[in-house]
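Please read the structure below before turning to the comments.
The values are calculated or read from the model by the stated rules, or taken from the named source; none is laboratory data. Quick caveat: nothing in here was measured; it's all calculated off a predicted structure. Here the Cβ is made from the backbone with ideal geometry for all residues, glycine too, and neighbour counts use every protein chain on show. Keep in mind that these areas ignore ligands, DNA and RNA; they rest on the heavy atoms of the full protein, side chains included. Shrake-Rupley method; radii C 1.70, N 1.55, O 1.52, S 1.80 Å.
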Amino acid sequence: MATLHLLGTGAALSDPHRTTTMLAVSNGTSSVLVDCGGDALQRFQAAGLSLDSLDALILTHAHADHVSGFPLLMEKLWLSGRERPLPIYGIAQALGQAQRSFETYDTSGWDGLFAVAWHEVPFEEQAPVLETEQWTISASPGSHSVRVVGLRIESRSSGGVVGYSCDTEPSPEIARLAHQADILVHEANGEYPGHSSAEGAASVAKQAEAGRLLLVHLPPGDKTADVFAARTIFPRTDLGEELGAYPF
Ligand SMILES: [Zn+2]
Ligand SMILES: [Zn+2]
């Protein structure tokens, strides 16, 4: 059994109860965290996940609402006594942003700081990200103001699949990546260049033949009308719930 945890569901600016969009998948012993544009590990712990279970971090793109919490994440893991290296996966721009932001802090007094293993993901369709005994993860480009990748996360124990659009306009690459995913987590920031409306997300879910659609990266304000509009295109659409847990 694997579970998708929505650690945050907001846009960079969102409602008071939503933090920036971050998610994790976990089967209890192995967890993978996606993005850290806020206090990701506080949300990770609030979701009931143990810091010891964190096997990998994936960074989708270089924007602040997706990577700005990286130095804090490192500090927390160091304080937790982590010894084993942390593998971090992402396209070059996302990794570079995290590295630069971490280097602005003086960590010379962080005795015994664990190592980080940086793994660059090629910016191409259905690029392999990682394969472990628990997870098979691949990435495809989205269409945003900077380079970004969406993800396909397969639990090898349950066979379930989660697709994640990250920040993007409705994109055929993401629909192909999320083909027949049990859950598609898609942004619904609004109908702007580089982003999607709820209806746009629903059209991608329909194209992908996904099992259900969860809307994230939500701007401030009431979303009721957006959800109803999306359901006319893809009926199994819901707003992502802050700290919502979804088995897959
Ligand atoms: Zn972005
Ligand atoms: Zn964003």
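Within the option set Leu13, Leu6, Leu33, being more than 16 Å from ligand 1 (Cβ to nearest atom), more than 14 Å from Ala56 (Cβ to Cβ) and modelled with pLDDT of 95 or more holds for one residue only, Leu6.
The sole residue among Phe114, Phe70 that is more than 20 Å from Ala175 (Cβ to Cβ), within 16 Å of ligand 2 (Cβ to nearest atom) and among the aromatic types (Phe, Trp, Tyr) is Phe70. Which of the residues belonging to region 43-61 are away from ligand 2 (no atom under 16 Å from the Cβ) and touching a helix residue (DSSP H, G or I) at 6+ places or on another chain (Cβ under 8 Å)? Scanning region 43-61 gives Phe44, Gln45, Leu51, Leu54, Leu57. Answer with yes or no whether Arg156 is more than 16 Å from ligand 2 (Cβ to nearest atom) and surrounded by fewer than 17 Cβ atoms within 10 Å (Cβ to Cβ). Spelling it out, Arg156 is indeed more than 16 Å from ligand 2 (Cβ to nearest atom) and surrounded by fewer than 17 Cβ atoms within 10 Å (Cβ to Cβ). Count of region 1-21 residues, restricted to those that are closer than 19 Å to Arg212 by Cβ, within 16 Å of ligand 2 (Cβ to nearest atom) and in a loop (DSSP other than H, G, I, E, B), is 2. Selection of region 189-209 for residues being in contact (Cβ under 8 Å) with a residue 40 or more places away in the chain and open to solvent by less than 10 Å² (accessible area, probe 1.4 Å) yields Gly194, Ala208.
Consider Phe114 against the criteria (1) in a loop (DSSP other than H, G, I, E, B); (2) within 18 Å of the chain's Cα centre (by Cα); (3) over 23 Å from Val149 (Cβ atoms): it satisfies all of them except one. Which criterion is unmet? That leaves (2) as the condition not met.
Scanning for something of a type in the set (Gly, Ala, Ser) and open to solvent by less than 10 Å² (accessible area, probe 1.4 Å), does region 117-131 turn up at least one residue?
yes
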